[in-house]
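This report refers to the structure that appears directly beneath it.
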Amino acid sequence: MNVRTLYHAARGLQDLAATERESAASPSIRRRLWLWRRGFLSRSDAVYDLDESTYRDYLNDYQRFVRTKQINGTWSVALSNKLLFHRVMQPFDAHRMGVYGMIRNGSFHGVDGGDGRREVTDGGAVVPAESEDETDSRGALERRGSSDAERRDSNRPAPHSSAETRNAAQRVVERLESDGRLVLKWVRGGGGNNVLLCERTDDGYRVNGDRYAEAKFRSLVSNLEEYLVCEYVEQGSFADGLYAETPNTIRIITMYDEERDEPFIAAAIQRIGTSDSAPLDNFTQGGLSAEIDLETGELGPGVCPPGDGDLEWHAVHPEAKTPIDGVKIPGWSEIRERVLEMADSCPFVPYVGWDVIVTGEDGEFSVIEANSYPGLKSIQVHGPLLADDRVTRFYERHGVR
C-alpha cells in the first residue's frame, strides 16, 4: 500500500467518523454496534433494509467512504477538479454547461473565451482567444437547436462590460446584468457543497434564496477563492414540471467492465427538490429520489429520507402535487446512450456518478458535474447494488469488496 493510498484511506475514515458524529439517528447501543461491525453508519439503518440475511447485498458505508475513493486512482482529479472536468468534456460540447471564468485572488480569469482573452494554464502570457464568430460556430450544429444558439451568444461579454477589467465582483455583476442568473461553484468538492445560485432581482441580488444588497454581494464574490462562474442551465418542461423551485437532476452511476471492454449503467435515479432541500435537490437535505427504469426511463415513486420515522414514499410530489410514479423521462434512450459514450471516452476513469439535467423533449441534456465516489444512499434506498452480479464483479475487481 503506497503513501497516497494510505492518505486517502485515512481521509475516508475521518469522513466516516465525522458523518457518524453528525448523524441524528439514534439506534440502541446494541444495534449501533451491530451496524458498525458490518460497516454501516447509524443513519443507514433507517434507509436500508438491514438484517443478517440482507446486509451483504448492500455496499456498506466503510466500503463507500474508504475503498471506492481508490477506484479511479490519480485520475479522480479529472472529476473532482471542475475546471479540468470541463476540459475533459470538450468533445461533448453540446452537453457541457458554460463556464465563463474563474475567481482567484479577487480577479476574474476567463475560461471559455467569452471575454476576448484566455489564460494560458501554465501561467504564461495572456494570448488572444478565438474570435466571437469562431466561438459561436464551434460546435453550433451540435447544440440544442435555436434556443441554444442564444445560449452560445450569452458566452459573449455583456454589451457594457470592459474586456480589460479583471475585478471579479464587477465581472460577475456585469454577467448577471446580462444573464439574470449564474452558478458559482468551488473548483473542488462535490455533493452540492459550495454551490451558490445567484440571481439578479429588482432590488439587488439573491444567493441561494437569501437577499443581498449590491455592496454585500460584491463583497461575497470578492472573497471567493477558486470559484468557477458558470451559466445557470435552464431545465426543460419535464424537470420543471416535477418541482419548479429547484433544478431537478438525474444521477447516473457508470462502471467500466474490463472483461467486455465497455461501460454500463449500474443504477440511475431522478432527484427532485422539496422546500427542505431548496435551492438544490439533494436527497440528504430532504429531496426526493425516484428510481429510473434503465430500459424505459420510467420513474418509480419518490422517497425522502426519514426524520425520526420510516421512509416516506410519494407517487406525487408532497408539496407541488405533480405526478412522479409512472412518469417517463423524455428522450431517455438518447440520454442513456450519450452518457455511455462519455463514459466510454475515458475508461481510465472507470467509476463515475454523472449529474445531468434534462433541458428538452428529445434527449437534450447538460452535465452539471461528475463525481468520483458518488453517494449511494439515494441509490440503494431503492434496493441493494450488490444484488447485480455485474456490479459486484466491478467492485471486487477494484478491491472494494
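The values are calculated or read from the model by the stated rules, or taken from the named source; none is laboratory data. As the structure is a prediction and not an experimental result, all values here were calculated from the model. Virtual Cβ from ideal backbone geometry, glycine too; neighbours counted across all protein chains shown. Accessible surface is based on the protein model in full, side chains and every heavy atom, while ligands, DNA and RNA are left aside. Shrake-Rupley method; radii C 1.70, N 1.55, O 1.52, S 1.80 Å.
Odds and ends about this structure:
- Cβ-Cβ contacts under 7 Å between residues 6 or more apart (or on different chains), taken from a first residue in the stretch 159-172 that is modelled with pLDDT of 90 or more to a second residue that is outside any loop (DSSP other than H, G, I, E, B) and polar (S, T, N, Q), are listed as Arg166/Ser107; Ala168/Ser107; Ala168/Ser222; Ala169/Ser222.
- Matching residues, the stretch 66-115, being among the basic types (Lys, Arg) and under 20 Å from the mean Cα position of the chain (by Cα): Lys69, Lys82, Arg87, Arg96
- Any hit, the stretch 265-275, residues being open to solvent by 20 Å² or more (accessible area, probe 1.4 Å) and over 15 Å from the mean Cα position of the chain (by Cα): yes
- Residues of the stretch 302-317 that are under 16 Å from Ser277 (Cβ atoms) and open to solvent by 50 Å² or more (accessible area, probe 1.4 Å): Gly307, Glu312.
- If you go through the stretch 334-354 and keep only what is within 25 Å of Arg11 (Cα to Cα) and surrounded by 22 or more Cβ atoms within 10 Å (Cβ to Cβ), you end up with Val349, Tyr351, Val352, Gly353, Trp354.
A quick yes/no check of all residues on (1) of a type in the set (S, T, N, Q); (2) more than 30 Å from Thr392 (Cα to Cα):
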position: Val221; (1), (2): no, yes
position: Gln235; (1), (2): yes, yes
position: Ile252; (1), (2): no, no
position: Tyr256; (1), (2): no, no
position: Glu259; (1), (2): no, no
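- Filtering the stretch 28-56 to residues that are open to solvent by 60 Å² or more (accessible area, probe 1.4 Å), charged (D, E, K, R) and assigned to a helix (DSSP H, G or I) leaves Arg30, Arg31, Arg37, Arg56.
- Residue within the stretch 364-383 that is more than 23 Å from the chain's Cα centre (by Cα) and basic (Lys, Arg) present: no
- Asn248 falls short on exactly one of the conditions (1) farther than 18 Å from Phe365 by Cβ; (2) of a type outside the set (A, V, I, L, M); (3) open to solvent by less than 20 Å² (accessible area, probe 1.4 Å); (4) assigned to a loop (DSSP other than H, G, I, E, B), and that condition is (1).
- Of all residues in the stretch 55-76, exactly one satisfies the criterion of being aliphatic (A, V, I, L, M) and modelled with pLDDT under 95, namely Val66.
- Reported count of residues in the stretch 278-298, each being open to solvent by less than 10 Å² (accessible area, probe 1.4 Å) and either more than 16 Å from Asp355 (Cα to Cα) or not in a loop (DSSP other than H, G, I, E, B) (or both), is 4.
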